[in-house]
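Colleague: Structure provided below as structure tokens; questions to follow.
The values are calculated or read from the model by the stated rules, or taken from the named source; none is laboratory data. Keep in mind it's a predicted model, so treat the numbers as computed, not measured. All Cβ positions, glycine included, derive from the backbone under ideal geometry; neighbour counts span all protein chains shown.
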Amino acid sequence: MHARNSFEDAANEPQHEHPNTIVLDFAKRFPDRLQLLVDHWRDAPGQVVDGYAFFLLYCWHGKHRDPATFERWKQPGQERSPFADAPEIRDLVAASLAAIGGQAGWVRMLGRRDYCECGQTSKLENLSVCVDCGRHWCWECSGTRCRGHEVVG
């Protein structure tokens, strides 16, 4: 019998999917991805989301975290997500915001340009995103958004 080395120990540790991958896995329903994020944060706290994954999650959380805000922006028949109050989601969003540079980083991100589904470019601050498929929508395309899916931002 031989002594285990640190390489063997590391090779036997569970491998965690990066939270960006979880958020952007549009093959899964959004509530299922939120559950995976909760589980991931419990297993690997400190691993944050950034870039487009952060934009999507932060917009969603901004809509759901406050019941009054949710009531103002909800779509017909939509219920507030039980994940809105999950401490793991709250902590992940807060840690991710801090990692991108806090509010200043968020403002920089909102100033970036991206494409709407109609082909126009716009700053992210003027685009909404579908949490179910990831498509961007500008205010001019609001009538053609993903019907039956949640659009945030």
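Colleague: Quick check on R80: is it crowded, with 17+ Cβ neighbours inside 10 Å, basic (K, R) and either modelled with pLDDT of 85 or more or over 14 Å from the mean Cα position of the chain (by Cα) (or both)?
Modeller: no
Colleague: If you check L110, L92, L97, which single one turns out to be assigned to a helix (DSSP H, G or I) and touching a strand residue (DSSP E or B) at 6+ places or on another chain (Cβ under 8 Å)?
Modeller: Working: L92 fails: touching a strand residue (DSSP E or B) at 6+ places or on another chain (Cβ under 8 Å); L97 fails: touching a strand residue (DSSP E or B) at 6+ places or on another chain (Cβ under 8 Å).
Checking each option against the conditions leaves just L110.
Colleague: So is H64 over 18 Å from C133 (Cα atoms), loosely packed, with under 13 Cβ neighbours inside 10 Å and at pLDDT below 90 or not?
Modeller: no
Colleague: Now for a different question. So V152 fits all but one of (1) surrounded by 15 or more Cβ atoms within 10 Å (Cβ to Cβ); (2) of a type outside the set (D, E); (3) free of Cβ contacts under 8 Å to residues at least 60 places away in the same chain; what number is the exception?
Modeller: (3)
Colleague: Name every residue in the range 130-140 that is over 12 Å from F55 (Cα atoms), under 17 Å from the mean Cα position of the chain (by Cα) and assigned to a strand (DSSP E or B), in order of residue number.
Modeller: Just the residues of the range 130-140 that are over 12 Å from F55 (Cα atoms), to begin with: 132-133, 135, 137-140.
Going one step further and asking which of them are under 17 Å from the mean Cα position of the chain (by Cα), we end up with 132-133, 135, 137.
Residue satisfying the conditions is W137 alone.
Colleague: Output yes when any residue across the range 118-129 is in contact with a strand residue (DSSP E or B) (Cβ under 6 Å, 6 or more places away or on another chain), within 21 Å of A27 (Cβ to Cβ) and not in a helix (DSSP H, G or I), and no when none is.
Modeller: Yes, the range 118-129 contains at least one residue that is in contact with a strand residue (DSSP E or B) (Cβ under 6 Å, 6 or more places away or on another chain), within 21 Å of A27 (Cβ to Cβ) and not in a helix (DSSP H, G or I).
Colleague: Filter the range 15-71 for residues that are assigned to a loop (DSSP other than H, G, I, E, B) and either touching a Phe, Trp or Tyr at 6+ places or on another chain (Cβ under 6 Å) or small (G, A, S) (or both); which is farthest from E88 (Cα to Cα)?
Modeller: A27
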